[in-house]
Amino acid sequence: MLSVDEARAKLLEHARPLIETEAIAADAALNRVLAEPLIAEVTVPPLDNSAMDGYALRMADWAADKWLHVAQRIPAGQVGQPLTLGTAARIFTGAPIPEGADTVVMQEDCETRDDRVRIATAPKLGANIRRAGEDIADGQTVLHAGERLTAARLGVAASVGATELTVHRRLRVALFFTGDEIVLPGHPLKAGQIYNSNRAMLLALLQGLGCEVRDLGIVADKFDATVNALEQATRHADVVLTSGGVSVGEEDHVKAAVEKLGRIEMWKVAMKPGKPLVYGRLNKIPGADSDFLGLPGNPVSAFVVFCLFVRPFLLARMGAANTDALSFSVPAAFDWKRPGQRREFLRGKIEGGRAVLYPNQSSGVLTSAAWADGLVDIEAGHSVHEGDDVRFWPLSELLK
């Protein structure tokens, strides 16, 4: 078995970024991956402007007992007149600093009387002035190729006037599920059957990444049916993703079907939950060359494997330059006295600054993932005592 780090590195080595790009409206680009850098053609801000509602003055005119005549009023969006000697300007946040002024004093620090203003305490030269270009300079690269377009990055694009962005096309993912025991919600359950929770979960995870998803439904636990489903999936997909049938039981046909239509590059990771993870290439079908990722059927295993492996792989295929997730150390509020031979990822959350665990860590208990806000990472062979530091992977990082 590969270690978690080895498996992730191997997957990323095989991730071929999409070549095809498209120009789309910036308003529709959330979570897409930028294919070309965005270079500013304007300066932001374009002029020195006020960071406060207050009064603009020349520091040389200030004295503690001196009243200055308020000669003009400058709201945001208007350009004032040059400041004459011995005067001040009423100014509002975002308004351009008038020529001759070198300081802005917030209105709370000013005393006013009719059309005069006095500042009792000496202001700091240059205070409350946002300088032209302090955010963005004309000609500066403000967004780089490979960046995912978050809300903040789209705001940056708007601040330089961009209305259209060149992005990688959407990654096409085909999805199907194996298991004669699973049925879709809305159908009556027969004896021995369960509802397919993995479909709703994986569809949501893929859509959250911005993938174009084709749902091929549930496939019978038969070799020929699995081969047919894989052949159909490759007609559409850059990546084929399945859940179930990747273990070594007599009814697990996915691995053999992939080997018939391509090759297996990776199988089994030394982790819990989620040991059976298959990666391969479906490239023996004429005109097809899709990546294949086979996830375990247990819902928690599928969820954890998606977070740790599928997400970074898909992001890399989408052209994203950074697929890392941030983690941190936090004291444990639990004892874990049963060290295993595989690295474990336990469902947990932070309460009172410490990591707590869901009471039932079975790979079939999906409520543990719904309850959790992160994964507690315990290395193989390690035990944990309350108060020990453990590695915590926030789901906000693993699912973004």
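Quickly estimate the mean residue ellipticity at 222 nm for the chain, helices only: each DSSP H run with n ≥ 4 gives -39500 (n - 2.57), and the total goes over all residues, rounded to 500.
Computed ellipticity for the chain at 222 nm equals -5000 deg cm²/dmol.
Pick the calculated P(r) over Cα pairs in 20 Å bins from 0, in percent for this structure from (i) 28, 52, 17, 3, 0; (ii) 24, 49, 24, 3, 0; (iii) 23, 38, 24, 14, 2?
Correct label is (iii).
Taking every eigenvalue of the Cα gyration tensor of the range 261-336, multiplying by 5 and rooting it, what semi-axes result, largest first, whole Å?
After diagonalising the Cα gyration tensor, the semi-axes are 29, 17, 9 Å.
Taking the Cα atoms of the range 328-398, what is the range of coordinates along each of the three principal axes, in descending order and whole Å?
Between the extreme Cα coordinates on each principal axis of the range 328-398 lie 27, 26, 20 Å.
How much of the DSSP beta bridge set in the range 49-130 is antiparallel, as a percent to the nearest 5?
75 percent
I want the local charge near Leu202. Using Cβ-Cβ distances under 13 Å, sum +1 for each Lys or Arg and -1 for each Asp or Glu among the other residues.
+2
Ranked from highest to lowest mean number of other Cβ atoms within 10 Å per residue, what is the order of the peptides 238-244, 372-378, 73-79?
With the highest mean Cβ count within 10 Å placed first, the list reads 238-244, 372-378, 73-79.
Restricting things to alpha carbons, tell me how big the range 49-130 is in terms of Rg and Dmax, in Å.
Taking only Cα atoms of the range 49-130, I get Rg and Dmax of 10.9, 32 Å.
Whole angstrom only: what separates the Cα centroid of the range 336-399 from the Cα centroid of the range 195-238?
Rounded to whole Å, the Cα centres lie 29 Å apart.
Just to be sure I understand the model, the point goes 7 Å from the Cα along the line to the Cβ. What's the resulting Lys400 to Gln341 distance in nm?
3.8 nm
Among 325-333, 392-400, how do they line up by average Cβ neighbours within 10 Å per residue, starting with the highest?
392-400, 325-333
What is the sum of charges around Ser329, taking Lys and Arg as +1, Asp and Glu as -1, for the other residues whose C-beta is under 11 Å from the C-beta of Ser329?
Surrounding charge for Ser329 is -2.
Using Cα pairs closer than 8 Å and at least 6 residues apart in sequence, work out the relative contact order for the chain, in percent.
Reported relative contact order: 16 percent.
State whether the range 203-274 is rounded, prolate or oblate according to the following rule on the C-alpha gyration tensor (a ≥ b ≥ c being the square roots of its eigenvalues): a/c under 1.5 gives rounded; otherwise a/b larger than b/c gives prolate, and the remaining case gives oblate.
It comes out oblate by the Cα gyration axes.
Provide the packing ranking of 91-100, 295-304, i.e. peptides ordered by the mean count of other C-beta atoms within 10 Å per residue, highest first.
Final packing ranking: 295-304, 91-100.
Just the number, please: percent antiparallel of the DSSP beta bridges in the range 328-398, rounded to the nearest 5.
Counting only bridges with both partners in the range 328-398, antiparallel ones make up about 95 percent.
Cα-Cα over 20 Å: which of Lys10/Lys337; Lys222/Lys255; Lys349/Lys400; Lys272/Lys349; Lys10/Lys255?
Result: Lys10/Lys337 exceed 20 Å.
Within a Cβ distance under 11 Å of Arg148, other residues only, what is the Lys/Arg minus Asp/Glu net charge?
+2
When DSSP assigns beta bridges and you keep just the ones with both residues in the chain, what percent turn out antiparallel, to the nearest 5?
Among the beta bridges of the chain, antiparallel pairing accounts for roughly 65 percent.
Only the coordinates and a few stated rules stand behind these numbers; no lab work does. Because the structure is a prediction, the values reported are computed rather than measured. For neighbour counting, all protein chains shown are included, and Cβ atoms are generated from backbone atoms with ideal geometry for every residue, glycine included.
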